[in-house]
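Asks: This is the structure I have questions about; it appears just below.
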Amino acid sequence: MDQAELNSDQVLRRDIPWETYMTTKLITGTALQLLRRYDKKTEIERAPLLENDGPSYIRVFINILRDIQKEDTVEYVLALIDEMLAANPKRAKLFHDKSLADEDIYEPFLRLLWKGSWFVQEKSSKILTLVVSARSNKNDPAANGEGTKNKNTSSVDVLKGLVEWLCIQLKKPSHRNRSIPSSINCLATLLKEPVVRSSFVQADGVKLLVPLISPASTQQSMQLLYETCLCVWLLSYYEPAIDYLSTSRALPRLLEVVKGSTKEKVVRVIVLTFKNLLSKGTFGAQMVDLGLPQVVQSLKVQAWSDEDLLDALNQLDEGLKDNIKKLSSFDKYKQEVLLGHLDWSPMHKDAIFWRDNITNFEENDFQTLRVLLTILETSSDPRALAVACFDLSQFIQYHPAGRVIVTDLKAKERVMKLMNHENAEVTKNALLCIQRLFLGAKYASFLQA
């Protein structure tokens, strides 16, 4: 059987020779008694055993993983622990019971992360994540038997070791289908911890998440997408991670997902991430540039049942409006154009605005100008068409190469069509634009006067 495709059901069908292990002194008589009570039993039979004597079973499992190397047995015990925690994740607290203070509860799992089959590695990472996250005193490294006198593996060692392993799995997956979902699942829990956030950023982990932010089609990919977005949200509370996010494609990718997603939990975690990032660095301006204000408007009219999501959308909407107010005059102008919301705001006819900002039109290969031309071709709003014609004539007047650039971009044909428009405001401004295009700035200004 392909080791990579092994699953818990297959492993738990094995019969492990516990008696032989006792005769060869690999396990104690007490351990054998406990195993006989527990092994091959149902969850209903096991629950009271764990309720009454949980730490004793944990000790037996840890000792087997420490003392027995045989892979069949190691896989079996990992499957037992995984099954126990899956039935009730709160059982992870049993590992931190005072009676186990002398046991190195983390060491076997941390060692197995780097050894053995994929099955062993995946189960070890999952168990370690649950167990280390269940420790009670997370802010005190001396807690949980982690003082200086104690030689046991500390939770900080575990968290750093886990991050290292998880980043390697994201970079070079050991298993073609399981490595990435399994690693992201662990990170979505672990990134709640400050030490994990800092290790993850140092390991250049942020860029490993970004490619995974893409629209999901299946149930599995939806869960992976959700957990990836959860990781990004947790990182959006951590300044060094925010710097990484700002230079990555995270924002446009999150926007792409939120535009097309109907999954409430995915939309909620992305909106909460946007809310966190809005006030940081250049994120506000980037969000406005990418058209987030309109996306938020369309999300607000959808029928969400989640109050938190509705609150977050309203806060994000307000925050974006404040951001647009703070933008420079050219940024404001660019927003108007990019959103297609053209109106006779004062800047369109303000000579100082055009003189001071005319070179800004050259950004991104004349992006703003090209969008103006698209409005001429596609808009059905007479006001937007009239303002776009007027702005085009302003560009021709104020840019030294205005006529050449506008001619190269094939604007003449588009404006000519509008000279027959039914709306008088449109035809008047189309005529002005054509005059400037043919006659040059000086004569057209004279005509306009």
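The values are calculated or read from the model by the stated rules, or taken from the named source; none is laboratory data. Not measured: the values here are computed from a predicted model. With ideal geometry, Cβ positions are generated from the backbone for all residues, glycine too; neighbour counts draw on all protein chains shown. These accessible areas exclude ligands, DNA and RNA; they are computed on the full protein's heavy atoms, side chains included. Shrake-Rupley method; radii C 1.70, N 1.55, O 1.52, S 1.80 Å.
Asks: Please work out the Cα center distance from segment 339-395 to segment 54-101, rounded to the nearest Å.
Replies: 68
Asks: With all protein chains present, how much of the accessible area of the chain (probe radius 1.4 Å) comes from carbon and sulfur, to the nearest whole percent?
Replies: On the chain, the fraction of accessible area on carbon and sulfur atoms equals 52 percent.
Asks: With charges set only on the Cβ (+1 for Lys and Arg, -1 for Asp and Glu), what does the dipole of segment 149-268 come to about its Cα centre, in debye to the nearest 20?
Replies: I would put it at about 260 debye.
Asks: Next question. Hey, got the dipole for segment 294-424? About the Cα centre, +1 on K and R Cβ, -1 on D and E Cβ, debye to the nearest 20?
Replies: The dipole of segment 294-424 has a size of about 740 debye.
Asks: With every protein chain present, what accessible area does Asp311 have (1.4 Å probe, heavy atoms only), rounded to the nearest 10 Å²?
Replies: Surface accessible to solvent at Asp311 totals approximately 80 Å².
Asks: Charges on Cβ only, +1 for Lys and Arg, -1 for Asp and Glu, centred on the Cα centroid of segment 133-292; of Val158, Ala216, Ser199, which one is farthest towards the dipole's positive end?
Replies: So the residue furthest toward the plus end is Ala216.
Asks: Can you compute log10 of I(q)/I(0) for segment 42-112 with the Debye formula, treating each Cα as one identical point scatterer, at q = 0.16, 0.24, 0.27 Å⁻¹?
Replies: -0.54, -1.20, -1.41
Asks: For the chain, what does the accessible surface come to per residue with a 1.4 Å probe? Please give it in Å².
Replies: Heavy-atom SASA per residue in the chain reads 49 Å².
Asks: Using the structure shown, list the pairs from Lys171/Lys207; Lys115/Lys151; Lys115/Lys172 with a Cα-Cα distance above 20 Å, or answer none.
Replies: Checking Cα-Cα distances, Lys115/Lys151 exceed 20 Å.
Asks: What is the magnitude of the charge dipole of the chain about its Cα centre, with +1 placed on the Cβ of each Lys and Arg, -1 on the Cβ of each Asp and Glu, and no other charges, expressed in debye to the nearest 20?
Replies: Rounded to the nearest 20 debye, it is 500 debye.
Asks: With Rg/Rh (Cα atoms, Kirkwood Rh) in mind, check [x] 1.17; [y] 1.19; [z] 1.02 and report the label derived from this structure.
Replies: Given [x] 1.17; [y] 1.19; [z] 1.02, the structure-derived one carries the label [y].
Asks: To continue, here is another question. Which order do Trp18, Trp114 take by accessible area at a 1.4 Å probe, largest first?
Replies: From most accessible down to least: Trp114, Trp18.
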